Amino acid sequence: MSALSALLISFVITVTNPMGTERTAPEMVEVSMPNSGKQCVVTDEKGDTLPSQVTYDGKLIFPCPTLKAKAKAQFYVKESENAKKFPQEVFGRNFPERDGDFSFENDRVAYRLYGPGSKGVYGYDIFSKRTSNLYLEKLYKLQCDNEVHSMRSKLTKLGRRDLADKMYNEVFSYHVDHGEGMDQYDVGKTLGGGAVAYKGADGKLEFQGSFKTAEVLDNGPLRLTVRLTYPNEVRILSIDAHSNMVKSVVEAKRPFVAGIVMHNADNKSAEGEGYIAYEDKDGIMVACVAPEGKTEKEQGHLLIAPNASTYYFGSAWARYDGDGIVDFSKWQSYLEAFIQQIKNPLKIKIKR
């Protein structure tokens, strides 16, 4: 206890798994915090310091270890004006160099939300990752390099389109996997990998188009949160380190549906209890989760209608080695575990 005493403990957090099974989907412990303007130091029972973050809405978050059935874990917290800075495990920003996209990622998944400069695209785009590194800055830098595009144009005008395309595809394009991942998911005029739509009086889907503004509320190291405004709604998206899922809170005046485009009706898909899932080309797996939500297939999409303002969307790639999701059955197992953890949240007791 001497190492812990040296930290001048402010309070102790006891976390309990109420489930009769192990919690296998990565998750964060969340504790409401008074706004003191200070950061926190969190240590486990061994005295090891854990990465942590105080979010914009006043929550202390830190990674929860895998807890077996009914298991408990204790953590010790103190406030500090000089808390250690931890490496960024999430990233996101506007990319004005590419139509004002807002793109974000963690160590497992990455997404592009089409910005105000985009035309004729609606849904969420997925970047397939093979690395746990944050790589979006690198991808966009290569893709949007003006000198590269100028050289490509000059080679084309000289009649060397073949050389121009080879240089671009083999070295720069983020539509080609250079070892860390790529953008190979097709969106167009669809919901892509988990966006929102409404149903008109005729039953047809009404899409919202691209966002108008994006404001970063949390910028890591463990959680990225962004508030997006659309013509008739506001969406707040949050992604945590180590999770395949993104939390989406929709502020709208009408009931909405969330969906996944099915590019090939013969591919594997599932409508489970509280989720929809689909396997796209090359082992890309996509899902939307809304406990108690109603599911259906319509207009080339799998749809789920949440009974609340919150739902989750997520993805995985069979070529990514770090999450164990190597096929569609593993993807379904992950989703089922994730849903059970939502339905049975961690029990948290604080002793000051």
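The values are calculated or read from the model by the stated rules, or taken from the named source; none is laboratory data. It should be emphasised that the depicted structure is a prediction, and the values quoted were computed from it without experimental measurement. Glycine also receives a Cβ, built like all others from the backbone with ideal geometry; neighbour counts cover every protein chain displayed. We work out accessible area using only protein heavy atoms, side chains counted, and drop any ligands, DNA or RNA first. Shrake-Rupley method; radii C 1.70, N 1.55, O 1.52, S 1.80 Å.
The one condition from (1) in contact with a Leu (Cβ under 9 Å, 6 or more places away or on another chain); (2) open to solvent by 20 Å² or more (accessible area, probe 1.4 Å); (3) among the basic types (K, R); (4) assigned to a loop (DSSP other than H, G, I, E, B) that R23 does not meet is (2). Of the residues in the stretch 243-253, none is more than 30 Å from V54 (Cβ to Cβ) and either small (G, A, S) or in contact (Cβ under 8 Å) with a residue 60 or more places away in the chain (or both). Residues in the stretch 68-104 that are under 27 Å from M245 (Cβ atoms) and either among the acidic types (D, E) or more than 17 Å from the chain's Cα centre (by Cα) (or both): 18 in all. Within the stretch 311-344, being under 22 Å from N17 (Cα atoms) and either open to solvent by 60 Å² or more (accessible area, probe 1.4 Å) or of a type in the set (V, I, T) (or both) holds for S333, E336, I339, Q340, I342, K343. Quick one: is D107 more than 14 Å from the chain's Cα centre (by Cα) and either under 30 Å from G259 (Cα atoms) or surrounded by fewer than 16 Cβ atoms within 10 Å (Cβ to Cβ) (or both)? Taking the combined requirement at face value, the residue does not satisfy it. In the stretch 209-219, how many residues are out of contact with any Phe, Trp or Tyr (no Cβ under 7 Å at 6 or more places or on another chain) and over 23 Å from K189 (Cα atoms)? Matching residues across the stretch 209-219 total 3. Residues that are open to solvent by 20 Å² or more (accessible area, probe 1.4 Å) and outside any loop (DSSP other than H, G, I, E, B) within the stretch 48-57 comprise T49, L50, V54, listed in sequence order.
Only residues that are free of Cβ contacts under 8 Å to residues at least 40 places away in the same chain and either open to solvent by 50 Å² or more (accessible area, probe 1.4 Å) or in contact with a helix residue (DSSP H, G or I) (Cβ under 7 Å, 6 or more places away or on another chain) (or both): list them for the stretch 58-76, please. Those that are free of Cβ contacts under 8 Å to residues at least 40 places away in the same chain and either open to solvent by 50 Å² or more (accessible area, probe 1.4 Å) or in contact with a helix residue (DSSP H, G or I) (Cβ under 7 Å, 6 or more places away or on another chain) (or both): K59, P65.
Considering only residues of the stretch 60-104 that are among the polar types (S, T, N, Q) and touching a Phe, Trp or Tyr at 6+ places or on another chain (Cβ under 9 Å), which is farthest from G20 (Cα to Cα)? Step by step, filter the stretch 60-104, then rank; the result is N94. Of the strands (runs of 3 or more DSSP E) entirely within the stretch 292-352, those holding at least 3 residues that are closer than 21 Å to I260 by Cα and either within 17 Å of the chain's Cα centre (by Cα) or of a type in the set (F, W, Y) (or both) occupy 310-317. Picking from residues in the stretch 26-47 that are touching a Lys or Arg at 6+ places or on another chain (Cβ under 8 Å) and open to solvent by 20 Å² or more (accessible area, probe 1.4 Å), the one that is modelled with the lowest pLDDT is M33. Of the residues making up the stretch 113-138, those that are hydrophobic (A, V, I, L, M, F, W, C), within 27 Å of Q208 (Cα to Cα) and under 18 Å from the mean Cα position of the chain (by Cα) number 4.
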